[in-house]
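The values are calculated or read from the model by the stated rules, or taken from the named source; none is laboratory data. Please read all numbers here as calculations on a predicted model, not as lab measurements. We place every Cβ from the backbone using ideal geometry, glycine too, and count neighbours over all the protein chains shown. Accessible surface is based on the protein model in full, side chains and every heavy atom, while ligands, DNA and RNA are left aside. Shrake-Rupley method; radii C 1.70, N 1.55, O 1.52, S 1.80 Å.
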Amino acid sequence: MLLVDIKDQVALVTLNRPEAMNALSRALRAELHETLKRLDANPAVKVIVLTGAGERAFTAGLDLKELGSDPNGLRAANATEPSENPAWAVIACRKPVIGAINGVAITGGFEVALACDVLIASTHARFADTHARVGITPGWGLSQKLSRLIGPYRAKELSLSGNFLDARTAEAWGLVNRVVAPEDLLPAALQLAADMATIDEDMLITYKAMIDDGYETTLRQGLELEQARSTAHNRHVTPEAVEARRAGIQARGRTQ
């Protein structure tokens, strides 16, 4: 149900249930959690790209067929354990996770997309929050994160209508980083991952955490957090190390 390909310090993780629009069954949620934990601990991996198999869907969210046969199935919508809550499984990963959105990301699938650190979308990508239409409230973070990303007015438009948002509008609203042709989606995501993978792993983890942790606070608290962590980190940086990296940056600038 999950495909993993590791190359040049980048792991491509593919939700592989195309016949079910990559719906997040209990087994797939558990496998995603275990896989991300393993990749997070793997020194051969610096960056992760997460996508869905096929052209129809990134993921359609919880497996409604499975829920229909399980009287306790809806508990998954409010689960907090990463083995049951795939959004938390992504958020718990210390390394950067790039979401390559190849098709629809619906409801729980939308929440998993929002858990990623960067989103690159195919022109075929569409997003929808159908929680209200289904009659359940979100429990994987959508009601809070979406409004912080695109503002409360736009978030309410999406969540209180259940309408689909196309890729170009998502880009204009700041929901995705950029939109590319379907055939360019994985190459673009993997190239960005490769760029990130040239950074030291400790720096990737430290900087990602600084951004995420600061974003959850006020600006003043975030500035204080940055100052404290910067002081702790930079005391170990030597002038020789800075000079060596500066030369590398100059060389990279000449080739871009």
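Right, E55: of a type in the set (D, E, K, R), open to solvent by 10 Å² or more (accessible area, probe 1.4 Å), touching a strand residue (DSSP E or B) at 6+ places or on another chain (Cβ under 9 Å) and at pLDDT 95 or above or not? Judged against the criteria, E55 is not a match. Taking segment 139-148 as the range and being among the basic types (K, R) and surrounded by 14 or more Cβ atoms within 10 Å (Cβ to Cβ) as the test, only K145 passes. If the condition is being assigned to a helix (DSSP H, G or I), over 19 Å from the mean Cα position of the chain (by Cα) and under 23 Å from C93 (Cβ atoms), then segment 204-224 contributes only G222. Considering only residues in segment 185-196 that are open to solvent by 50 Å² or more (accessible area, probe 1.4 Å) and touching a residue at least 24 places away in the same chain (Cβ under 8 Å), the one that is farthest from G103 (Cα to Cα) turns out to be L190. Within segment 25-60, the residues that satisfy the criterion of being in contact (Cβ under 8 Å) with a residue 60 or more places away in the chain and part of a loop (DSSP other than H, G, I, E, B) are P43, K46, E55.
Scan segment 139-155 for residues that are more than 27 Å from A197 (Cβ to Cβ), in a helix (DSSP H, G or I) and not β-branched (V, I, T) and the total you get is 10. Within the set L15, L24, L3, the sole residue that is within 22 Å of D117 (Cβ to Cβ), open to solvent by 80 Å² or more (accessible area, probe 1.4 Å) and either in contact with a strand residue (DSSP E or B) (Cβ under 7 Å, 6 or more places away or on another chain) or among the aromatic types (F, W, Y) (or both) turns out to be L3.
Within segment 197-206, how many residues turn out to be open to solvent by less than 40 Å² (accessible area, probe 1.4 Å) and farther than 15 Å from I6 by Cα? It would help to see each step written out before you state the result.
First, pick out the residues of segment 197-206 that are open to solvent by less than 40 Å² (accessible area, probe 1.4 Å): 197, 204-206.
Subsequent filtering for residues that are farther than 15 Å from I6 by Cα retains 204-206.
Looking only at that region, the number is 3.
Checked against the criterion of being in contact (Cβ under 8 Å) with a residue 24 or more places away in the chain and under 15 Å from the mean Cα position of the chain (by Cα), segment 72-82 contains one or more residues that satisfy it. Taking the criterion of being open to solvent by 20 Å² or more (accessible area, probe 1.4 Å) and under 17 Å from G99 (Cβ atoms), the residues of segment 149-167 that qualify are L149, D166.
Looking only at residues in segment 168-184 that are in contact (Cβ under 8 Å) with a residue 40 or more places away in the chain and in a loop (DSSP other than H, G, I, E, B), the one that is surrounded by the most Cβ atoms within 10 Å (Cβ to Cβ) is V176.
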